[in-house]
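A.B. asks: After the structure tokens below, expect a handful of questions from me.
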Amino acid sequence: MAVDPLASDLTAWFRENARDLPWREPGIGAWAVLVSEFMLQQTPVNRVIPHWESWLRRWPTPASLASDPPAEAVSQWANLGYPRRALWLHRAAEEITARHGGVVPRRVDDLLALTGIGDYTARAVAVFAYGERHPVVDTNIRRVLARIIDGKSQPGAPSRRDLDAMAALLPEDRADAALFNAATMELGATICTARKPRCDACPVAKRCAWRAAGFPDTGDRRPRQATYEGSDRQVRGLVLRGLREAAPAPLPAQALAPDWPDQMQRDRAIDSLIADGLIELEDGIACLPRGRRSLVEVSAAP
DNA sequence: AAGTCGTGGTT
DNA sequence: TAACCAAGACT
């Protein structure tokens, strides 16, 4: 069966225009790819790169990460945002070590069973790390498909139709299939962007239903984010930042976001961080999870 | 299944 | 400048 012309145009474009991102280096391991996918969840590429490099330098294998306490992962995560991803990545490393002998699994089902890995990440790792043949759908790909195929400016909710659409376009050859997934994602990230698409540079503009229809605004925006200023998220961020910067030393609870105007809200934030396993609180002393040095360790120090 | 979860850059 | 956006996952 011949490769779909849309797929072949996109992969041809990708071969010439792919950004050389570090996790795309040939021979990069599955663990490195997995770490990149965790960090890239809702975080821009340019912010991820330096963190990805230092993370892998410190923890080159799942087992090496699993052998350190989660507190170290949360600290190392620094200001990447959504810090529970650090916790989940640490837990995934433990699971990989325990269930898979320290080797990142290759099957989508096994990947899906790991903490913090959902439908996108499982497929991304299987495809980009192992060259398995699956359709991958992220927000970029959803947007590209919505525009090219459905003629909409914005995609609706994630649907299994996107997965089916990618599956229908997927080249038979595994390597080509992986390239096509990466190419579609790359187009969405660099050309067919949410805000100002650069249709002049798009290799498949001729095939775009949205363009053919005159770029109709289909409304259908994503729900707007709540104001960050004064939000629970902001307090949580401040509390965690304080603990990170103090680590490995613990802090008295009063020293967490001490200037926050709303005491009740601050206390709720602390409780929610405890519930999430991001911090621990004992006798009014707070620390990162299992971050306090044991008495043995402290007394053994010179 | 809609809400929630950080942080920083861009418009 | 306030709003928008960024390789999602979990509950």
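A.B. asks: Wholly within the stretch A:80-136, which helices (runs of 4 or more DSSP H) include no fewer than the required count, namely at least 2 residues that are open to solvent by 20 Å² or more (accessible area, probe 1.4 Å) and farther than 23 Å from A:S159 by Cβ?
C.D. replies: Numbers: elements: A:84-99, A:108-112, A:119-128.
Ranges flagged: A:84-99.
A.B. asks: Report the residue count in the stretch A:49-79 for those that are assigned to a helix (DSSP H, G or I), more than 18 Å from the chain's Cα centre (by Cα) and surrounded by fewer than 19 Cβ atoms within 10 Å (Cβ to Cβ).
C.D. replies: So the count comes out to 4.
A.B. asks: OK, next. Regarding the stretch A:231-249, can at least one residue be identified that is out of contact with any Phe, Trp or Tyr (no Cβ under 9 Å at 6 or more places or on another chain) and either of a type in the set (S, T, Y) or within 30 Å of A:L10 (Cβ to Cβ) (or both)?
C.D. replies: yes
A.B. asks: Residues in the stretch A:277-296: is at least one at pLDDT 95 or above, outside the structural domain of A:P70 (by TED's automatic domain parsing), over 25 Å from A:T115 (Cα atoms) and assigned to a helix (DSSP H, G or I)?
C.D. replies: no
A.B. asks: Can I ask one more? Could you figure out which of (1) polar (S, T, N, Q); (2) within 16 Å of DNA strand B (Cβ to nearest atom); (3) more than 15 Å from A:A93 (Cβ to Cβ) isn't true of A:S36?
C.D. replies: So the condition that A:S36 fails would be (3).
A.B. asks: Across the stretch A:155-201, what is the total count of residues that are of a type in the set (F, W, Y) and in a loop (DSSP other than H, G, I, E, B)?
C.D. replies: Counting residues in the stretch A:155-201 that are of a type in the set (F, W, Y) and in a loop (DSSP other than H, G, I, E, B) gives 0.
The values are calculated or read from the model by the stated rules, or taken from the named source; none is laboratory data. None of these values were measured; they are calculated from a predicted model. Cβ: placed from backbone, ideal geometry, glycine included. Neighbour counts: every protein chain shown. These accessible areas exclude ligands, DNA and RNA; they are computed on the full protein's heavy atoms, side chains included. Shrake-Rupley method; radii C 1.70, N 1.55, O 1.52, S 1.80 Å.
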